1. I'd like the FRET efficiency for Gln8 and Asp56, computed as 1/(1 + (r/R0)^6) with the beta carbon distance as r and R0 of 30 Å, rounded to 0.05.
2. Take the alpha carbon gyration tensor of segment 306-433, find the square roots of its eigenvalues, order them as a ≥ b ≥ c, and report rounded if a/c is under 1.5; if not, report prolate when a/b exceeds b/c, else oblate.
3. Report the relative contact order of the chain, percent, no decimals, based on alpha-carbon pairs under 8 angstrom and at least 6 residues apart.
4. With point charges of +1 on the Cβ of Lys and Arg and -1 on the Cβ of Asp and Glu, referenced to the Cα centre of segment 313-375, which listed residue (Gly320, Pro340, Val356) lies farthest in the positive direction of the dipole?
5. Among Phe185, Phe180, rank each residue by its count of other Cβ atoms within 10 Å, from fewest to most, as a rough exposure measure.
6. Using DSSP to define loop residues, name the chymotrypsin sites (Phe, Trp or Tyr not before Pro) in segment 308-411 whose beta-carbon has at most 15 other beta-carbon atoms within 10 Å.
7. So what are the ³J(HN,Hα) numbers for segment 345-362, from phi and the Karplus equation (6.51, -1.76, 1.60; θ = phi - 60°), rounded to whole Hz, Gly and Pro as x?
8. Could you work out how much longer the chain between Thr109 and Glu26 gets when fully extended? Use 0.36 nm per residue separation minus the Cα distance between them, nm to one decimal.
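All of the numbers you see were taken from the coordinates with simple rules; none came from a lab. Here the structure is a predicted model, which is why all the values come from computation and not from measurement. Using ideal geometry, Cβ is built from the backbone for each residue, glycine included, and neighbour counts are taken over all protein chains shown.
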Amino acid sequence: MRSHYSSQVTHELEDEIVILCGWVHEKRDLGNLKFLVLRDREGFIQITAKKGVTGDDILEDINSLSKESVIQVKGKVKLNNKAPNGLEINPSNLKVINESNSPLPLDVTQKVDSDMDTRLNNRFMDLRKPGVSSIFRLRSAIINRSREYLKGEGFIEMCSPKIIASASEGGTDLFPISYFDKEAFLAQSPQLYKQMLMGSGLDRVFETTTYFRAEEHDTRRHLNEVSAIDLEMAFIESEEDIMQMLERLVVEMIKTASSCKKELETLEWEIKVPQLPLKRFTYDECLNLLAKEGKEIPWGEDIDTEGEKLLGKLLQEKQGIELYFITKYPLKSKPFYTMPDGEKYSRSFDLCFKGVEVSSGGQRIHSHNHLVKRIEQHNLEPENFEYYLKCFQYGMPPHGGFGLGVDRMMMQLLDLPIKEVVMFPRDRHRLTP
Ligand code: ATP
Ligand code: MG
């Protein structure tokens, strides 16, 4: 159907016949001269029809064609320094494959801005804008690179169930669903499953996964359906091994994003690749830094959104740091499976990117008795964790891991609200399309 994408039509193809397929992006009629801009996945190309040269049927078709119709054009490549990219196609054949209705639900040429709701309601058309599709090409590139990278590090890709019988961690709200005659829930995280695999001999696993979180957020950085890279690895000395894996992975992702030249040009955006190793700040150090700025957080409490932002700004302005770890969180703020570090602290960390948490992780408890004790201390019932706990009685190696939000990474990489970087976002108010 198509011999070339627009980007493959170069000056070397002068006078050659090519066949292109795509959408009618724009039309211009100068009487004897008619221009049509064809848009395909890779870009744009001008189709130029002249009265007396181009067949009358083609001229008529161009006249009557509606914007965004799907067409196939066959024609000769001609150099013309007035045309975009310095070349155009003189058509010998134009086939209207499928006509578009008019008016359009939104403007694809980006001359008129649409509000976010209109854009998301018509996402199929919003994605025709090169600026929008660039976001998702870049996203695909970093996910592909993450998979490659982790496979290179000996990780096996797993797939945990998304329908579960009960809360995996306690805390986060779950979406209940009906499962035949029982109640079930959508999984908020693969946490317990990836840990069980640490006792299976598959001692390095990862998942490109979805978290379902029934939290009633309405923020720039929360959704109710989240994409993430979740990982667990065994035979570690401490959480430092996990942080090293995470920082290398994230820098690989950023490097990959920075090499998406065409997409970044379209988005008019630049990406700086951070140097390894990343800086580590303890929770206590962060509280001190914030206190100096007049932001008091009582010891043991989460660093709230305002605190996270302020810390991000501080580190960026004073030390030029965009990506950093916060380590040694208070034990009482962490889930039961978190490995304690003394009485008060835990072997856990967050990775923050420009003042927003993009990942949480740490070392986990691997002793059965210790784990049971911690479950009880969290006022949870060990009986509800029977299948999980069993794995810890028959040879569980020391292990740890992290969950890395892909949507969060994308929004911080491109400085966009989270809904811009998710194709079909799910939030408090949006369930379609
Ligand atoms: P936050 O405190 O920012 O709400 P969290 O600590 O509840 O996040 P985790 O359970 O640690 O989130 O999940 C691991 C990662 O998954 C987070 O660091 C973040 O990148 C991503 N993530 C979690 N919940 C959401 C959400 N509701 N929307 C977008 N990303 C999320
Ligand atoms: Mg977290």
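1. Working: r = 30 Å, r/R0 = 0.99.
Efficiency, from the Cβ-Cβ distance: 0.50.
2. On the way: a/c = 2.61, a/b = 1.56, b/c = 1.68.
Oblate, since a/c reaches 1.5 and b/c is not below a/b.
3. Contact order relative to length: 12 percent.
4. Result: Pro340.
5. Details: Phe185 20, Phe180 5.
With the fewest neighbours first, Phe185, Phe180 line up as Phe180, Phe185.
6. Details: sites: Tyr324, Phe325, Phe336, Tyr337, Tyr345, Phe349, Phe353, Phe385, Tyr387, Tyr388, Phe392, Tyr394, Phe402; in loops: Phe336, Tyr337, Tyr394.
Loop-located and lightly packed - Tyr394.
7. 10, 10, 8, 10, 8, 10, 10, 10, 10, 6, x, 10, 5, 10, 8, 10, x, x
8. Working: separation 83, 0.36 × 83 = 29.88 nm, distance 0.78 nm.
Extra length from Thr109 to Glu26 when fully extended: 29.1 nm.
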